[in-house]
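Peer 1: Structure below; questions to follow.
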Amino acid sequence: SLLIGNLGNLINRTLTLAKGVELTKAEATSEIKEKTGQILIAGEAALSTFSFKEYVIWVLALSKYGNEYLSKEEPWFLKDKDKKKFEQIMVNAVYIVLGLLVLLKPLLPDSYDTLARFLSVDIKKWEDKGKHEYDMEEILNRLIKKVKIEEVEPLFNKIDEEAIEKERAKIKLT
């Protein structure tokens, strides 16, 4: 339920609001880049030591940061009032979503594929600088300029209680 409420909500709000925003010359603010980068580094460290529970915590931390950012900035009120500020907020939010895309690839490959399709980007291979050192900021800066949001739908579907009970009943029978 955290994935649906936290991660899914951020992605859906961001993509819905950012649809139509020109991103080919986009540049996230240094604060957003720094915080996103710190979380990506921590997530990579957790994954490299097979600390999957900690890795999920970092995924949720980045989506929480993004949700808090959107709630604080309230871009939905700025869309018609201050287009320039609205677009910068959306660039920052899309940058955070790209950070989540990076984190989702090894954890939830099907969700990664869906989100990559929504953003019209894909990370086929990392450009290794030697000993698995990647410049995440450079990767995200390049990716954001390629983002083209055409399709937006929920990344996760909520499972209703009836379906859960049916699955529980199956488990009890075995």
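The values are calculated or read from the model by the stated rules, or taken from the named source; none is laboratory data. Just so we're clear, the structure is a prediction, and the values are computed from it rather than from any experiment. Cβ coordinates were reconstructed from backbone atoms using ideal geometry, including for glycine residues, and neighbour counts include every protein chain displayed. Surface accessibility is based on the protein's heavy atoms, side chains included, excluding ligands, DNA and RNA. Shrake-Rupley method; radii C 1.70, N 1.55, O 1.52, S 1.80 Å.
Peer 1: Could you list, in sequence order, all residues of segment 70-108 that are among the β-branched types (Val, Ile, Thr) and in contact with a Ser or Thr (Cβ under 7 Å, 6 or more places away or on another chain)?
Peer 2: Taking segment 70-108 and keeping what is among the β-branched types (Val, Ile, Thr), we get 89, 91, 94, 96-97, 102.
Once the filter is applied, which keeps residues that are among the β-branched types (Val, Ile, Thr) and in contact with a Ser or Thr (Cβ under 7 Å, 6 or more places away or on another chain), segment 70-108 yields 94, 96, 97.
Peer 1: Which of the residues that make up segment 34-47 are free of Cβ contacts under 8 Å to residues at least 40 places away in the same chain and not acidic (Asp, Glu)?
Peer 2: Kept after step one, since they are free of Cβ contacts under 8 Å to residues at least 40 places away in the same chain, are these residues of segment 34-47: 34-35, 38, 42, 44-46.
35, 38, 42, 45, 46 - these are the residues of segment 34-47 that are free of Cβ contacts under 8 Å to residues at least 40 places away in the same chain and not acidic (Asp, Glu).
Peer 1: Could you say whether any residue in segment 2-24 is without any contact (Cβ under 8 Å) to a residue 24 or more places away in the chain and touching a Ser or Thr at 6+ places or on another chain (Cβ under 9 Å)?
Peer 2: No, that holds for no residue.
Peer 1: Those residues that are modelled with pLDDT of 80 or more, of a type outside the set (Lys, Arg) and open to solvent by less than 80 Å² (accessible area, probe 1.4 Å), I need them from segment 139-168; list them, please.
Peer 2: 139, 140, 141, 143, 144, 147, 149, 151, 152
Peer 1: Residue 43: modelled with pLDDT under 95 and either of a type in the set (Phe, Trp, Tyr) or within 15 Å of residue 98 (Cα to Cα) (or both), yes or no?
Peer 2: Numbers: modelled with pLDDT under 95: yes; either of a type in the set (Phe, Trp, Tyr) or within 15 Å of residue 98 (Cα to Cα) (or both): yes.
Here the answer is yes, as residue 43 does meet what is asked.
Peer 1: With the requirement that a residue be open to solvent by 60 Å² or more (accessible area, probe 1.4 Å) and within 16 Å of residue 105 (Cα to Cα), what does segment 4-53 give you?
Peer 2: Within segment 4-53, 41, 44, 48, 50, 52, 53 qualify.
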